[in-house]
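Worksheet: the structure to be examined is printed underneath.
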Amino acid sequence: MDCRLIAAETSLPSGEMFGRALPFLPLLFTLACDSGDDEPDEMNASRIDTIEALSGKTADGQTTFASTCGSAACHGADGNTPGAATTPTLADEVPGLSDRELIGVVINGYETMPPQSSLKDQQVADVLAYSRATFK
C-alpha cells in the first residue's frame, strides 16, 4: 500500500469538524500505512513468482552481482564489505531470508538499498543462486 496515495485520496474535514478530527489524523494515517501490504516479498508478487520458477546460474549471478552490487559503495566485491555503516553484510542477512524475501529485496529495494528493477528476471534468479551458494 502506498501511503502517499492514501494521503492524496483522503479528503480532510473542514471547519469545526477539522478541529475535532485533527488529534486523530496521525493515528488514522499510521493505521492506513501499516497494513502490512508493503513488505518486500508482497510487492510485485507476480514477478516474484516468475523469478522463483526460474533456474538460476551461479556463475552468471556472480557476474551480475559484481557489476550491480559489488562496488565499494554497495555490498563490496565479497558482499561482506559494506560501503556504508548501514549496509548489512550479506553473510549475516542472506541465510535468514527465504528465496521469496530475497527476490523481493532485490527488485523492490529495502531500507537504504535501492531497487534493482532494471535487472531482468533471469538475472535476479542468477543473483539468487549466487547468493545462496556464497553467503551461507
Criterion violated by Asn108 - all others in (1) in contact with a helix residue (DSSP H, G or I) (Cβ under 8 Å, 6 or more places away or on another chain); (2) surrounded by 13 or more Cβ atoms within 10 Å (Cβ to Cβ) satisfied: (1)
State all residues of segment 64-98 that are in contact (Cβ under 8 Å) with a residue 12 or more places away in the chain, within 14 Å of Leu128 (Cβ to Cβ) and not charged (D, E, K, R); if no residue qualifies, say none. Thr64, Phe65, Thr68, Cys69, Gly79, Leu90, Val94, Pro95, Ser98
Residues satisfying the stated conditions in segment 53-83, i.e. of a type in the set (Asp, Glu) and either assigned to a helix (DSSP H, G or I) or within 20 Å of the chain's Cα centre (by Cα) (or both): Asp60
Of a type outside the set (Ser, Thr, Tyr) and without any contact (Cβ under 8 Å) to a residue 40 or more places away in the chain: does that describe Ala125? no
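Just so you know, all these numbers are worked out from the coordinates, no wet-lab data involved. Everything quoted here is computed from the prediction, not taken from an experiment. Cβ atoms come from the backbone with ideal geometry, glycine included; neighbour counts cover every protein chain shown.
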